[in-house]
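Here's the structure we're looking at; comments come further down.
The values are calculated or read from the model by the stated rules, or taken from the named source; none is laboratory data. All values reported here derive from a predicted model rather than from experimental measurement. Every residue, glycine as well, gets a Cβ built from its backbone with ideal geometry; the counts of neighbours run over all protein chains shown. With ligands, DNA and RNA removed, areas are computed over all heavy atoms of the protein, side chains included. Shrake-Rupley method; radii C 1.70, N 1.55, O 1.52, S 1.80 Å.
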Amino acid sequence: MTRRRFFATPSAFNFDKQTVTLASEEARHLRDVLRLAKDDEVYVFDGAGREFHCVVSRTERDFAEIDLGKEVEPARPESPINLTLAVALLKGEKFDLVVQKATELGVTQVVPVVTRFADIRLRDESDAQKRVVRWQRIALEAAKQSGRAVVPVVGKPVLFRYLMADLENAGAIRLMFAERGGESFPKVPQPGSFTALVGSEGGWSDDEIDEAREAGWRVVTLGGRTLRAETAAITVSALIQHVYGDLK
């Protein structure tokens, strides 16, 4: 039987009382959409990799209280590699699609990048925050649908030059996918982490490609066809998971 899965933040779990509280949106879905009630069995995951077999204890208008049962293996395992997908900002539904499909394909983090030829420009900090909230919600729904107990983090948009200067992922294999001037997809021994960077519909400027090389990124070209940016981002995620992850 398909698991009826719900999300709760780690802070919503009370292991002393062996309960977890679902917030308003998840509680409404449990009560009003799935028509679940007291004593029904459900599964609750924390977005960080843990999942529990539970029983509904109480449902109210704005929350639901769940009795914690035993911890179980998530419905679907996580990939053995840590894959960060950095993508140039794309118009509305295109970036939404990338977040959704990247989550299904096992990406662990999505980084929106402001590039020279990005399809959109953010108006202000409020505009950026609204987009991040939307993308994070899409990632959550995709994690629930695909059986993951880990919800990828969708970060705030960063400038291209800041991504190049970021040393936090310096130990990862960093691949910049470009439509020109790159090598074939590399084969490397036992990688643990990847950061894959995909550009906008307008591609990369020569300066951006040069800056990436100077920062230690490997520039990679996929075949002879020109792919749409959203297609390239999804293809790159699937390719890396197939060669190095669990998409066999």
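Which order do the peptides 139-146, 48-55 come out in when sorted by mean C-beta neighbours inside 10 angstrom, highest first?
By packing density, highest mean first, the sequence is 139-146, 48-55.
Most fluctuating residue of PHE194, PHE63, PHE160 in a GNM of the chain with Cα springs under 10 Å: which is it?
PHE63
Points 7 angstrom from Cα along the Cβ direction at HIS53 and ASP166: gap in nanometres?
Going from the HIS53 label point to the ASP166 one covers 3.9 nm.
Where the Cα atoms of the stretch 1-154 are projected onto their three principal axes, how long is each span, largest first, in whole Å?
Projected onto its principal axes, the Cα set of the stretch 1-154 covers 55, 36, 29 Å.
Using a Debye calculation, one point per C-alpha and no hydration shell, please list log10 I(q)/I(0) for the stretch 84-144 at q = 0.17, 0.20, 0.26, 0.29 Å⁻¹ in order.
Reported log10 I(q)/I(0), two decimals: -0.53, -0.73, -1.18, -1.36.
Could you give each residue of the stretch 27-38 its phi-based ³J(HN,Hα) in whole Hz, using Karplus coefficients 6.51, -1.76, 1.60 with θ = phi - 60°, and x for Gly or Pro?
5, 5, 5, 4, 7, 8, 8, 8, 6, 8, 9, 3
Between THR19 and residues 5 or more places away or on another chain, which pairs have amide H atoms under 5 Å apart, with H built 1.01 Å from N, and which residues are they?
Under 5 Å from the amide H of THR19: ASN14, LEU68.
For the stretch 91-113 and the stretch 189-245, what is the centre-to-centre distance using only Cα atoms, to the nearest Å?
Spelled out, the Cα-based centre of one part sits 14 Å from the other.
Tell me the angle of helix 229-244 to the major Cα principal axis of the chain, expressed in degrees between 0 and 90 and rounded to the nearest ten.
Rounded to the nearest ten degrees, it is 80.
State the antiparallel share, in %, of DSSP beta bridges confined to the chain, rounding to the nearest 5.
Once the DSSP bridges in the chain are tallied, antiparallel ones form about 40 percent.
Modelled label-to-label distance, ARG228 and THR19, 7 Å Cα→beta-carbon offset: nm?
Those two pseudo-labels are separated by 4.8 nm.
Long-range amide H contacts for ASN82: which residues qualify at under 5 Å (H placed 1.01 Å from N, peptide plane, sequence gap of 5 or more or a different chain)?
Under 5 Å from the amide H of ASN82 lie the amide H atoms of SER193, PHE194, each far enough along the sequence or on another chain.
Going by average Cβ neighbours within 10 Å, how do the peptides 22-30, 86-94 rank, with the highest at the top?
Packing proxy ranking, top to bottom: 86-94, 22-30.
Can you pull the percent of the stretch 120-246's accessible area that's carbon plus sulfur, 1.4 Å probe, other chains left in place?
Here carbon and sulfur together make up 51 percent of the probe-accessible area.
Return the FRET efficiency for the residue pair VAL243, ALA215: r is the Cβ-Cβ distance, R0 is 22 Å, and the value is rounded to the nearest 0.05.
After rounding, the FRET efficiency stands at 0.40.
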